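Enquirer: Handing you this structure, nothing more for now.
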Amino acid sequence: MADAPTASTPIRFDTHPSRYHHWKLSISGDEARLHLAVDNQHPQRPGYDLKLNSYDLAVDIELADAVERLRFEHPEVKVVVVSSDRERIFCSGANIFMLASSGHPFKVNFCKYTNETRLGIEDASAHSGQKYLAAVTGPCAGGGYELALACDEIALVDDGNSTVSLPEVPLLGVLPGTGGLTRLVDKRRVRRDLADVFSTLAEGIKGKRALEWRLVDAVAPRSRFAELVNQRARALAATVPDKKGLGPKGAGITLPPLECQREAGQYRWRHVEMKIDAGRHVAELTLHAPEAAPPAAIDGILAQGAGWWPLRMSRELDEALLELRFNHEDIGLVLVRTRGAAEHVLAADATLEAHREHWFVNEVRLHLGRTLRRLDVTGRSFFAVADSGSCMVGTLLDVALACDRLYMLDDGKVTVAFSAMNRGPLPMWTGLTRLQSRFLHDPSQVERVLAEYGQGPLDAEAAREAGLVTVAADDIDFDEELRVAVEERASLSPDALTGMEASLRYAGPETMATKIFGRLSAWQNWIFTRPNATGEKGALTMYGRPERPVFDFRRT
């Protein structure tokens, strides 16, 4: 089985609407239209054809870019209509031949990325005042329906041909990997028995029955469908209030390409560095504080735009995490360090809090939250290292708290500190802050810690007493403690670690997102390696051939 691209053929995540091959983005007033028009000649890698508006990672990279740009560059948009630019087909889902010819890590990371994109759509609806409407004309299958499920509403043309379906179980022997089953029952509240029938009908469900079963929100014949879509779009837009700080003509912030120097396993962005040690299966990720105190006034912040440290650093960290996932599959442990002036980080955090009601600052806070949640669900071990020169305060302290462990040098000089950004703006997928998750055994301890230790820097001893540090060691023992921990982690089974970390990172309440990612880490990891799906005669392997798959019918 051919594997997914490796570091020799790296995947790039930076794109722009002018370079899209698969989506067409148009904007008129407060309404945007995203038309899916997959170009068969531009797959993410050679070896398969993107027929029937099926998608691969390249298609989803463009979608993720469009969703992000709408939030920052077009904040005036209140409703986004997602439709197909192909005659009588909406989307047939993830390309089966792409999946069948990909290695296991790529398949799972592909499912994870596409779901993060769909969660980004839902986040834009919930927090950015941009509602999404899927206008389904033609078959809408698998990942295509999962895209529709991520929207606020689904309108389906009632023409005897257009259907919605999740055919993965009957056709491929796998699950709808980007949250299809979970959204079906948790989000749309489809009855369990009806969901059971629907999820085993490869041909899908049409028109009025789809409406009766809550699979869609509205149906209309083709002659009245455009009118229906326009009416539903205007009704959604009417639910969105105007944004604070946004002028009558709108004034978005342009997102330029991220400049990165790549050479010999080293990545250098402006505020983020990453070094790959393939021999040890370890990466070192360093986040840098602003070089100078950031502007305090909103005019100064807007003048910096995408160069403002919180946004620039967040975008760079996000790209580094994606580089790790897709281009460095053998890296199992990431050592996270910080460098620079702590007071500059705290000053940036103060502006994030002071101007939180402004639309742009709100979007930056949301982006930081999404990036840290991307770290949460990345299948790597993360050890935060607070050593000489570190500045793990505020936002950067939350990065450390997102890691599996925190090692801190006890020399009286290295400190950590809280800011308003540790009190709620960067929630995990559970809805909890990382401090709440840390002190789940005693929720009242969060306020006690913030009250007792939240007014200034904490040295290693105070941080240990506050419950923030895994290991605090003096300068004699620190390097040895860290070395042993790194070597020990690198010797353990990557599969066992992935399962362990996914289980431990999500203590607390269950949400739709934690269910989705839990299943991606466990069930999808398992099902994708079972002979019934990917074996020599498995359903995914045999798809498109005249022979039928051969199943091992023992239940496990």
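The values are calculated or read from the model by the stated rules, or taken from the named source; none is laboratory data. Keep in mind that this is a model prediction, so the values were computed, not measured. We place every Cβ from the backbone using ideal geometry, glycine too, and count neighbours over all the protein chains shown.
Enquirer: Within the bounds of the stretch 93-105, is there any residue that is within 25 Å of H358 (Cα to Cα), touching a residue at least 40 places away in the same chain (Cβ under 8 Å), touching a strand residue (DSSP E or B) at 6+ places or on another chain (Cβ under 7 Å) and not in a loop (DSSP other than H, G, I, E, B)?
Expert: no
Enquirer: Still on this structure: Here is a list: A539, A496, A490, A466. Which entry is touching a residue at least 40 places away in the same chain (Cβ under 8 Å) and farther than 19 Å from A100 by Cβ?
Expert: Unique residue meeting the criteria: A490.
Enquirer: Looking at the stretch 491-514, which of its residues are part of a helix (DSSP H, G or I), surrounded by 14 or more Cβ atoms within 10 Å (Cβ to Cβ), of a type outside the set (S, T, Y) and at pLDDT 90 or above?
Expert: P494, L497, M500, E501, M512, A513
Enquirer: Could you run through the stretch 246-288 and say how many residues are in a loop (DSSP other than H, G, I, E, B), in contact with a strand residue (DSSP E or B) (Cβ under 7 Å, 6 or more places away or on another chain) and either of a type in the set (V, I, T) or closer than 13 Å to R312 by Cα (or both)?
Expert: So the count comes out to 2.
For (1) surrounded by fewer than 20 Cβ atoms within 10 Å (Cβ to Cβ); (2) outside any loop (DSSP other than H, G, I, E, B); (3) of a type in the set (D, E, K, R), each residue gets a yes or a no:
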{"residue": "P295", "(1), (2), (3)": "yes, no, no"}
{"residue": "L302", "(1), (2), (3)": "yes, yes, no"}
{"residue": "L311", "(1), (2), (3)": "no, yes, no"}
{"residue": "E316", "(1), (2), (3)": "no, yes, yes"}
{"residue": "A320", "(1), (2), (3)": "no, yes, no"}
{"residue": "R325", "(1), (2), (3)": "no, yes, yes"}
{"residue": "I331", "(1), (2), (3)": "no, no, no"}
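Enquirer: For the stretch 438-487: of the residues being hydroxyl-bearing (S, T, Y) and in a helix (DSSP H, G or I), which is surrounded by the most Cβ atoms within 10 Å (Cβ to Cβ)?
Expert: Here the residue is Y453.
Enquirer: One residue is enough: does the stretch 345-362 have a residue meeting the conditions modelled with pLDDT of 95 or more, over 17 Å from L287 (Cβ atoms) and either under 16 Å from the mean Cα position of the chain (by Cα) or among the β-branched types (V, I, T) (or both)?
Expert: There is at least one residue in the stretch 345-362 that is modelled with pLDDT of 95 or more, over 17 Å from L287 (Cβ atoms) and either under 16 Å from the mean Cα position of the chain (by Cα) or among the β-branched types (V, I, T) (or both).
Enquirer: For the stretch 11-42, which residues satisfy the criterion of being assigned to a loop (DSSP other than H, G, I, E, B) and under 30 Å from W269 (Cα atoms)?
Expert: I11, R12, F13, D14, T15, H16, Y20, H21, H22, H42 - these are the residues of the stretch 11-42 that are assigned to a loop (DSSP other than H, G, I, E, B) and under 30 Å from W269 (Cα atoms).
Enquirer: Of all residues in the stretch 126-155, which are within 26 Å of G207 (Cα to Cα), of a type in the set (G, A, S) and without any contact (Cβ under 8 Å) to a residue 60 or more places away in the chain? Spell out the reasoning first.
Expert: First pass over the stretch 126-155, keeping only residues within 26 Å of G207 (Cα to Cα): 131-155.
Filter once more, keeping what is of a type in the set (G, A, S): 134-135, 138, 141-144, 148, 150, 155.
Those that are within 26 Å of G207 (Cα to Cα), of a type in the set (G, A, S) and without any contact (Cβ under 8 Å) to a residue 60 or more places away in the chain: A134, G138, G142, A150.
Enquirer: Working carefully through the options T395, T415, find the one that is at pLDDT 95 or above and surrounded by fewer than 21 Cβ atoms within 10 Å (Cβ to Cβ). Show your work before the answer.
Expert: Values: T395 fails: surrounded by fewer than 21 Cβ atoms within 10 Å (Cβ to Cβ).
Step by step, each of T395, T415 is checked, and only T415 is at pLDDT 95 or above and surrounded by fewer than 21 Cβ atoms within 10 Å (Cβ to Cβ).
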